[in-house]
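See below for the structure under consideration.
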Amino acid sequence: MHGDHPTLEAVAAHAGVSRATVSRVVNGTAGVRPELRERVKASVAALGYVPNIAARNLVTRRTGAVAVVIAEPETRVFADPFFARQLRGISRTLAAHDTQLLLMLLEQRADYERIGRYLTGGHVDGTLMFSLHNDDPLPAIAAASGLPTVFGGRPGWSGAERQPDILYVDTDNRDGARQAVRHLLERGRKRIAVITGPLDQTSASDRLDGYLDALGAEAPDPGLHAHGDFTVEGGAQAMAWLLDRSPGPAARPDAVFAGNDLMATGALRTLRDRGLRVPDDVAVVGYDDLEPAATWSEPSLTTVRQDVERMGELMAGLLLQRLGRGGASEDDAPPAPVVTPARLVVRGSS
């Protein structure tokens with residue numbers, strides 16, 4: 001019966017506001033005073049009003065969904081706790097604003113076309129993109145879709161510096177790396193090697209720059225610089241390469257800064273297999289401070305902590321603000337990029 005389904009008009013009468021005000025609150029539109037918004041929400045709850053989603057979408061041209069695009073294959077995403085933490089922060093924030101998350105991963109080049117078609121097809125209201133590489137087509141795909149977009153990580157693609165309105169969330173990777181290497185220097189380490197992630201990602205290149213800052217160098221010593229891929233196996237192979245380059249103990253690195261905890265864990269494994277003691281023979285520092293890699297390693301890993309879950313929350317919050325769903329008033333400042341601090345956590349490996 002009609003009485004079983006309260007209408008907008010019924011909510012408006014109950015709250016003592018106009019139908020238009022109720023509509024703006026229900027549709028998540030900005031511009032409603034906080035006290036009126038709370039009064040409408042109370043009336044919605046009291047009457048058990050449920051909006052007609054299909055009708056609302058026709059009016060607002062919104063889907064109530066956001067695409068989260070990670071520029072990595074499934075095997076990498078589900079093996080690295082970094083992505084799980086970031087997705088947890090994103091999901092929690094979107095759910096609090098009645099917005100659905102659609103996860104899209106990249107397995108092969110053909111997936112770019114699929115993602116482009118989906119984003120331009122009116123299926124989602126905005127996008128969150130992270131783990132991009134400098135030559136990645138995704139920023140252009142996002143621009144072509146016309147959808148509000150927030151990126152995870154400092155933009156590094158060509159032309160990004162000419163786009164002042166780009167929204168992104170990152171941690172201060174360069175400063176975090178400086179803290180790590182200065183700690184090793186303060187512990188008396190002289191030959192500090194570095195294992196970098198893919199240098200076409202700004203997180204990896206910024207961490208290499210921080211390493212160089214702390215050493216007062218313009219470029220890394222080729223014998224102390226190994227390339228990894230942000231995986232455990234990549235870190236293990238990079239550490240083996242560093243040791244194989246050393247003709248004897250005097251030339252061997254006495255410390256290693258790895259660009260993430262997974263690579264640091266791989267480095268620990270190689271050092272153990274070669275009969276070297278950590279930190280006595282070689283100290284190791286990672287980056288991320290994510291379980292299980294950091295706290296379950298043996299010895300426990302000195303690392304740089306970044307609040308990955310909080311970064312996911314901030315990404316989602318910026319997008320919701322741009323979509324007018326973040327509960328912001330018209331007087332609030334427009335959304336802007338966010339860089340969160342990094343902090344060294346000293347444990348047994350150094």
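The values are calculated or read from the model by the stated rules, or taken from the named source; none is laboratory data. Everything quoted here is computed from the prediction, not taken from an experiment. All Cβ positions, even for glycine, are placed from backbone atoms using ideal geometry, and neighbour counts span all protein chains on display. When the accessible area is computed, the model is the full protein with side chains, heavy atoms only, and any ligands, DNA or RNA have been set aside. Shrake-Rupley method; radii C 1.70, N 1.55, O 1.52, S 1.80 Å.
Taking R0 as 35 Å, what's the FRET efficiency between D111 and W241 from their Cβ-Cβ distance, rounded to 0.05? Spell out each step's value before the answer.
On the way: r = 32 Å, r/R0 = 0.91.
Step by step, r from the Cβ atoms, then E = 0.65.
Return the sequence-ordered ³J(HN,Hα) values of segment 6-12 in whole Hz as given by the Karplus equation 6.51 cos²θ - 1.76 cosθ + 1.60 applied to θ = phi - 60°, using x for Gly and Pro.
Karplus values, whole Hz, x for Gly and Pro: x, 9, 4, 4, 5, 5, 4.
Rounded to the nearest 10 degrees, what's the angle between the helix 110-120 long axis and the longest principal axis of the chain, both from Cα atoms, 0 to 90?
30
Taking only Cα atoms, what is the 0 to 90° angle, nearest 10, from helix 308-323's long axis to the longest principal axis of the chain?
30
If you add up the charges near L319, with Lys and Arg at +1 and Asp and Glu at -1, over every other residue whose beta carbon is less than 10 angstrom from its beta carbon, what do you get? If you can, show how the numbers build up before the last one.
Working: positive: R322, R325; negative: D125.
Result for the neighbourhood of L319: +1.
What is the distance, in nm, between label points placed 7 Å from the Cα along the Cα-to-Cβ direction at R33 and at E74?
Distance between the two pseudo-spin positions: 5.3 nm.
Is segment 87-127 rounded, prolate or oblate when judged by the Cα gyration tensor, a ≥ b ≥ c being the square roots of its eigenvalues, rounded requiring a/c under 1.5 and prolate requiring a/b larger than b/c? Present the calculation step by step, with values, prior to reporting the outcome.
Details: a/c = 4.59, a/b = 1.72, b/c = 2.67.
Note, shape of segment 87-127 comes out oblate.
Apply 1/(1 + (r/R0)^6) to the Cβ-Cβ distance of L103 and A251, taking R0 = 56 Å, and write down the FRET efficiency to the nearest 0.05. Numbers along the way, then the final one.
Values: r = 46 Å, r/R0 = 0.83.
So, using R0 = 56 Å, E works out to roughly 0.75.
So if each residue of separation counts as 0.36 nm, and I subtract the Cα-Cα distance between T340 and A65, what length gain in nm does that give?
Numbers: separation 275, 0.36 × 275 = 99.00 nm, distance 2.64 nm.
Contour length minus the Cα-Cα distance gives 96.4 nm.
Say we join alpha carbon atoms closer than 10 Å with springs in a Gaussian network model of the chain; which of L320, L36, L224 then has the biggest fluctuation?
Residue with maximal mean-square fluctuation among L320, L36, L224: L36.
Just how much of I115 is accessible, in Å², when a 1.4 Å probe is used and the result is rounded to the nearest 10?
0
Let's test the formula: R0 of 51 Å, r as the Cβ-Cβ distance of A217 and A140. What FRET efficiency results, to the nearest 0.05?
With R0 = 51 Å, the Cβ-Cβ based efficiency is 0.90.
What nm value, rounded to one decimal, do you get for the distance between A20 and A95 when each label is placed 7 Å out toward the C-beta?
Here the answer is 3.7 nm between the modelled labels.
What label, among (1) 20.5; (2) 21.2; (3) 22.3, belongs to Kirkwood radius over Cα pairs in Å computed from the structure on display?
Label of the calculated value: (3).
Relative to the longest principal Cα axis of the chain, at what angle does helix 261-273 sit, 0 to 90 degrees, rounded to 10?
With rounding to tens, the tilt is 30 degrees.
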